[in-house]
1. Does segment A:20-39 hold any residues that are charged (D, E, K, R) and either within 12 Å of chain B (Cβ to nearest Cβ) or surrounded by 15 or more Cβ atoms within 10 Å (Cβ to Cβ) (or both), and which are they?
2. If I ask for residues that are out of contact with any strand residue (DSSP E or B) (no Cβ under 6 Å at 6 or more places or on another chain) and either part of a loop (DSSP other than H, G, I, E, B) or more than 23 Å from A:Glu740 (Cα to Cα) (or both), which ones from segment A:684-693 would you list?
3. Taking the condition in a strand (DSSP E or B), in the same structural domain as A:Leu654 (by TED's automatic domain parsing), of a type outside the set (Ser, Thr, Tyr) and in contact with a strand residue (DSSP E or B) (Cβ under 8 Å, 6 or more places away or on another chain), does A:Leu451 pass?
4. Of all helices (runs of 4 or more DSSP H) completely enclosed by segment B:68-159, which ones contain at least 2 residues that are within 30 Å of B:Ala15 (Cα to Cα) and not aliphatic (A, V, I, L, M)?
5. Taking only segment A:630-654 into account, find how many residues are buried (at least 24 other Cβ atoms within 10 Å of the Cβ) and in a loop (DSSP other than H, G, I, E, B).
6. Of the numbered conditions (1) within 14 Å of another protein chain (Cβ to nearest Cβ); (2) open to solvent by less than 20 Å² (accessible area, probe 1.4 Å); (3) in contact with a Pro (Cβ under 9 Å, 6 or more places away or on another chain), A:Met705 fails exactly one; give the number of that condition.
7. Does segment B:18-57 hold any residues that are basic (Lys, Arg), within 12 Å of chain A (Cβ to nearest Cβ) and within 16 Å of the chain's Cα centre (by Cα), and which are they?
8. Scanning for something surrounded by fewer than 21 Cβ atoms within 10 Å (Cβ to Cβ), more than 11 Å from every other protein chain (Cβ to nearest Cβ) and over 30 Å from the mean Cα position of the chain (by Cα), does segment A:9-19 turn up at least one residue?
Amino acid sequence: MATAEKFVGGGVPRKEDPKLVTGQATFVESITLPDMLHVAVARSPFGSAQINNVDLSAARTAPGVVATFSGEDLADEWAAGLPMAWPVTEDIRIPDHWPVTKDVARYVGDAVAVVVATSPSAAKDAVELIEVDYEVQTAVVDIPSALADDAPRVHESMESNECYTWTHANGDIDAAFAKADIVITENYVQPRLIPSAMEPRAVVVQPVPAAGDFTVWSTTQIPHVAKVLFSLTLGIPEAQMRVIAPDVGGGFGSKLNVYAEEVLCIALARRLGKPMKWVADRSEGYLATIHGRDQLQEIELAATSDGTILGYRVKLLANMGAYLQLVAPGVPLLGGFLYCGTYGGEAYHFECTGVFTNTTPVDAYRGAGRPEATYAIERAIEALALEVGVDAVEIRKRNFLPAGENVPSPAGLAFDSTNYEENLDKALEVLDYEATKAEQADRLSQGSTKLLGIGFSTYVEMCGLAPSQVLASLNYGAGGWDAATVRMLPTGQAEVVTGSSPHGQGHVTSWSQIAADALGIDYQDVTVLHGDTHVAPHGMNTYGSRSLSVAGVAVNQACNRVVDKAKTLAAHVLEVSPDDLEFEDGKFSVKGVPDRVQSIQEMAYAAWTAHNLPEGTEPGLEAHCVFDPPNFTFPFGSHVCVVEVDTETGAVELLRYVAVDDCGTIINPVIVEGQVHGGIVQGVAAALFEEATYAEDGTLETSSMINYLVPSAAEFPSFELDRTVTPSTSNPMGVKGIGEAGTIGSTPAVINAIVNALGHLGITDIAMPAKPERVWQAIQDANGDAS
Amino acid sequence: MKPISVNVNGFQHEADVEPRTLLVHFLREQIGLTGTNIGCDTSSCGACTVLMNGRSVKACTVLAVQADGQSITTVEGLAENGEWHAVQRAFHEAHGLQCGFCTPGMMMASVSYLKENPSPSEGEVRLALEGNLCRCTGYHNIVKAVLTAAEEMADASAG
């Protein structure tokens, strides 16, 4: 920092809030344009079906209908199919993925036709009049069925339903297992989850037919990436495409994509020359927006007799769904380096196979690969603890990587900063582990039907995506940098233009804090512009907890460059060398002569008038920075939860939740805590409540918020948060990222707690979600075994 | 089409609506008040919660024709004379919102509940907001905001 930190580290209330608490926000659904038409999509009700005919005649003549199209009718609109940017292997099978399918429907929700009408209700009514002649075929909805020898193929042109197999190895895994005293083999199921951002997806497109220009408002996390991909999909020059992510109501990965309805609305706007709008119903969104997780895991640990882990061997099967959405094949890879968690060892072997099924495509959902990896290692280490006969804390401490910087991990990464034991000790202190254990023992000895369980999870994650060269080595189709422009306005305020695209994370507030301190101006004098490719032309957007540690760092660096230029101007005005100046609180003063001062605001005005600039200096006070991180960041933390299990009903109640996270330097502690709170609830929801299920024929059984249980406030206590601060070495600010930590850390802590509560019955695992009937059944089975 | 007359945020609106029109669509599309959001199609999420005659209703579960002759308050009508309601202030100050999409409904449900129960416990607030879903905040700061607002409102009425 160039000046004293006044705002960084403080919990200033958010600048984003005033419009959001008064109903003045602009979500895409609220955008209305003159002469706008409304789009509705007809979707397959079958998991797998040949489409013999699409009869649009009744729909075409329905009231208010302007046009109807089948997949064939639109075939000429596409320069390419829907994009997939992460072909993880050379031999990956990539199916054609058209915005409206032509001859085969491959999941319930696959688009088969489209209606354009003068109102949303007219469009939806007309969809009901479309008659599709389907020839229903056998669907495969789960991984084992899809991999069976005689399985029907999701894509008839492929030899099997296998998409790819990717491996990563470090060290001599066979040697590690050969010398192991103990081998632990565990199998876990990661249920399919539905991200369920509160704002359903929507898109509005405004064409300017005479100019060939298009403006797209979309509920997207990635306006910049989408602009490039819209252009490639539609064959529209990128320069004629403007993409705006206005206020966006949550994403969690579900809006990190290029969707059929986005390119469809652009194509229809081009074809009909009028503005188009599509808004998803929630139930439609559950079919047609990506799902997450859905993996089968096998993890093996090789360990010595005292529980020291030597090696990790992981086999993963990952459901891709029916098609490959934007980064789907790469999601398991993001976890593929983290199945060793916070622990040491000499060898690591990871193998993942992607599998096609007749289900909604799966892609990045909050944590993307890392919650799955963390779950596997944090559950498996409990199995190891049982085998060795030591406590959950002890087994972890025996295996933690040492505290330090750039610490090599068994998977071959260099962890920027590690301090795991101190972090766990802090969590134990907040929890009062000994007292909680004593209460647990009391209840058990008294024969209580309400037993306590204490569950731990000591996670490390990988964010700050990403060094571009590392992405290249993983065959990812883009870079991992991000950009910022900072300009001082002539009246003394600063405009920060960022390439991140927030949808609830509070970047406007945090970036204002960073810029205010770096420039030495007031927090209220900073404006942050984002989410519009015409206003903020360069960016890689917001996902994977990357924004602060890449885009936020770019803001800081750009501010420093502004200060550097302002310093040369101040030196010129004060007739001294820049080296003779010091900068504090927005003021340049001559060392030792504190009354010879020029403010950064005065320099902004001087740069604008350009009346008196040093020889060769351009007018204006503005700087641009593109930051490409040298390494990922590796936030870590210890999550501990205390559950009460009712042995008569199987109900699990969360009594306490302690989270001690380390995300390095903190810009705004209130925002950081908010991210952790929300993450915990999503992770706990996976452990206890949420699971998307399919019937054998491919029907999504959990197709609305009625039967997909997004939990409410009533299911949770307040959380107990603390932190350690170990700055990252991957960027000059020492920041790491916190968007996904809660989700990554929490799920195994909850399941570990339930298993811990029931361990005396011999129960060693409970599948997710641990619904009462599942827990109750496990108790009955254990009692049956005992009797 | 059916003629209705609805008072929304103190203004009387006369309109013709299709009998199937939901109150939330009437508010958003006919009156042009887009602050009330739609988050689901099963009356599960509560994003569209407004006040009808001072009590919270999910505006996706009420037909516009049922609001005929009634008085509706939306998030746009929560502030009085430009001054935010205590619940709005508390959501801002306690970081009770992130993306803000559930926030209008969450606040309207809270305003209604605090009329019923001006000094709730934490557990009571959690139960009272069971019909309003948020995917960002983990509810921690929403609950805190409602408790803070209750205290402020009690102080204001005592003072």
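1. A:Glu29
2. If the condition is that a residue be out of contact with any strand residue (DSSP E or B) (no Cβ under 6 Å at 6 or more places or on another chain) and either part of a loop (DSSP other than H, G, I, E, B) or more than 23 Å from A:Glu740 (Cα to Cα) (or both), then A:Phe689, A:Thr693 are the ones that fit.
3. When the stated conditions are applied, A:Leu451 passes them.
4. B:103-116
5. Count: 3.
6. (3)
7. Residue satisfying the conditions is B:Arg28 alone.
8. no
The values are calculated or read from the model by the stated rules, or taken from the named source; none is laboratory data. All figures in this text were calculated on a predicted structure; none of them were measured in a lab. Every residue, glycine as well, gets a Cβ built from its backbone with ideal geometry; the counts of neighbours run over all protein chains shown. All accessible areas refer to the heavy atoms of the entire protein, side chains included, with ligands and DNA or RNA removed. Shrake-Rupley method; radii C 1.70, N 1.55, O 1.52, S 1.80 Å.
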